[in-house]
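Asks: Can you keep this structure in mind? I'll have questions shortly.
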Amino acid sequence: MAEPISKIRDTSPSKEELEKIRLAELKSSIASDESGFLEMLEFVKLLNDSGALEAVNSAMKAKEDITKTLLNEWRKEPITNAINNLMLSSQLLTDTKPETTEKMLENIKNATQAADVAAKHEETLGLFGLMKALKDPDVNRTLRYGVTFLKEMGKQLK
């Protein structure tokens, strides 16, 4: 007949044996993918040399304080206003056809260049010069556009 079990033997590896096993696995992993490991080491070295590694480590240690400060700043009115304005501006850009935006920007660029050239001349624009300019179809078209734009903006301000 078999002897009764009187002692339970622990077959799990000791802490030192686990460490040796993990170290052997790590060595094997590094040996099988040497180039990737060397690139990672080079990357960490570059981060360390530039001081970015220290900055990242400090940021990770202070992540709760940084998050709290960031959230407090985002809740302030100027930041929320900026975010809301950015969202509204993006909505305007999505509602406007790209061809219209491109044409408008090209017109602004050309008008700015022409205005720069005209600003270099010291000629005074008198009342009669202004009346003559109003008869120019391009000037008249631009004024009608501007007046219509201002009128529609005024309606919305009521």
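The values are calculated or read from the model by the stated rules, or taken from the named source; none is laboratory data. This structure is a prediction, so every number in the text was calculated from the model and none was measured. Reconstructed Cβ throughout: ideal geometry from the backbone, glycine too, with neighbour counts over all protein chains shown.
Asks: Determine the pairs where a residue that is within 21 Å of LEU26 (Cβ to Cβ), located within the range 36-57, has a partner that is β-branched (Val, Ile, Thr) and modelled with pLDDT under 90 with Cβ atoms under 8 Å apart, the partner being 6 or more residues away or on another chain.
Replies: Filtered contacts from the range 36-57: PHE37/ILE30.
Asks: Which pairs turn up if I take residues in the range 129-158 that are within 17 Å of ALA111 (Cβ to Cβ) and small (Gly, Ala, Ser) and look for partners that are assigned to a helix (DSSP H, G or I) and modelled with pLDDT of 90 or more with beta carbon separation below 7 Å, at least 6 apart in sequence or on another chain?
Replies: Taking only residues 6 or more apart or on different chains, the pairs are ALA133/VAL139.
Asks: Residue check, ALA82 against (1) assigned by TED's automatic domain parsing to the domain that holds ALA133; (2) surrounded by 10 or more Cβ atoms within 10 Å (Cβ to Cβ), all met but one. Which one?
Replies: The one condition ALA82 does not meet is (1).
Asks: Now a separate question. Would the range 90-101 turn up any residue that is assigned to a helix (DSSP H, G or I) and more than 23 Å from the chain's Cα centre (by Cα)?
Replies: yes
Asks: For the range 83-116, enumerate the residues that are under 17 Å from VAL139 (Cα atoms) and of a type in the set (Val, Ile, Thr).
Replies: Correct list: ILE108, THR112.
Asks: Just for helices (runs of 4 or more DSSP H) wholly inside the range 1-63: which have at least 1 residues that are modelled with pLDDT of 90 or more and touching a helix residue (DSSP H, G or I) at 6+ places or on another chain (Cβ under 8 Å)?
Replies: Result: 34-50, 52-61.
Asks: Would you mention how many residues in the range 119-132 are assigned to a helix (DSSP H, G or I), surrounded by 10 or more Cβ atoms within 10 Å (Cβ to Cβ) and at pLDDT below 90?
Replies: From the range 119-132, those assigned to a helix (DSSP H, G or I) are 119, 127-132; that's our starting set.
Keeping just the survivors that are surrounded by 10 or more Cβ atoms within 10 Å (Cβ to Cβ) gives 129-130, 132.
Retained after the next criterion (residues that are at pLDDT below 90): 129-130.
Residues flagged as assigned to a helix (DSSP H, G or I), surrounded by 10 or more Cβ atoms within 10 Å (Cβ to Cβ) and at pLDDT below 90 within the range 119-132 amount to 2.
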